[in-house]
1. Before anything else, pin down the relative contact order of the range 11-140: Cα pairs under 8 Å, at least 6 apart, normalised by residue count, whole percent.
2. Keeping the other protein chains in place, figure out the carbon and sulfur percent of the accessible area of the range 19-61, with a 1.4 Å probe.
3. Can you tell me how much longer the chain between residue 43 and residue 142 gets when fully stretched, taken as 0.36 nm per residue apart minus their C-alpha distance, in nm with one decimal?
4. Taking 7 Å along the Cα-to-C-beta vector as the label spot, tell me the residue 152-residue 117 distance in nanometres, rounded to one decimal.
5. Report the extension gain between residue 11 and residue 24 in nm, rounded to one decimal, defined as 0.36 nm multiplied by the number of residues separating them, less their alpha carbon distance.
6. Residues with beta-carbon under 15 Å from that of residue 102, excluding residue 102: net charge, scoring Lys, Arg +1 and Asp, Glu -1?
7. Report, as a whole number in µm² per second, the diffusion coefficient that Stokes-Einstein gives for the range 1-157 at 37 °C and 0.692 mPa s using the Kirkwood radius over alpha carbon pairs.
8. Compute the accessible area per residue over the range 12-136, keeping the other protein chains in place, probe 1.4 Å, unit Å².
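The values are calculated or read from the model by the stated rules, or taken from the named source; none is laboratory data. Everything quoted here is computed from the prediction, not taken from an experiment. Here the Cβ positions follow ideal geometry from the backbone for every residue, glycine too, while neighbour counts run over all protein chains shown. Please note that ligands, DNA and RNA were not included when accessible areas were found on the heavy atoms of the full protein model with its side chains. Shrake-Rupley method; radii C 1.70, N 1.55, O 1.52, S 1.80 Å.
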Amino acid sequence: MNKLPTVRSPEEARELVVGAGNRELLDALRRPQAYIVVTVLLREIARRLPSWEHPLRRDLCEVVVGRKLWAVAPPAARDDPFAPPEEQRAANAAELYRWAVRPLLAGGDAPVGTVAELLSQLRTSPDPSAREAFWLIVDGERPGLPDAVWLSLLKEAYGLPRTPHRSGPALSLGDDLGSGYTRRFLRRAALLIGGLLAAILLIVVAQWLT
């Protein structure tokens, strides 16, 4: 695929990628593109993904991590008429993480340190879309990282307020944004500690019975 030209509509972008090969799609993702082009490329990749062999999936993971999940708009794209709202950009980044990065982590074939560093960068970013993407990835189901790394990320984020969704209900003055995450962090920590204690207990009982 030659370098994709500037597009003016989603329909034009779809016409450009529909005939591209798999490697061409990945090569296009590696280059700076308008967000609408990235979106169309990723949709086409997601459609083809069930037929992709492991090397292609691994390369995809490398590309999207290197592009930081497109969670932050580059300065040149601030006036892009097709750019999504910050909350949508964050949701897209989190969804991309779930199907392009997490499966490789679960299979032990993704760089844990690099992914953890990316999540830490999202958490400390000045951009609300990046911080929201971090919470959407780590707050809820486990993000595929080893428990020790996941718990470390939550500990680093301890007490850090989450950017509220603009479309959500207004917060009252009495709401404490940090307290909800504190409670969730403590609940997860308790679950992890409880699991470790249960494992230790089973080992002790097994040794006693032998």
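1. Normalised by residue count, the contact order of the range 11-140 is 24 percent.
2. 52
3. Additional length available on full extension: 33.2 nm.
4. 1.3
5. 2.8 nm
6. Residues close to residue 102 contribute a combined charge of -2.
7. For these conditions, the coefficient is 204 µm²/s.
8. 47
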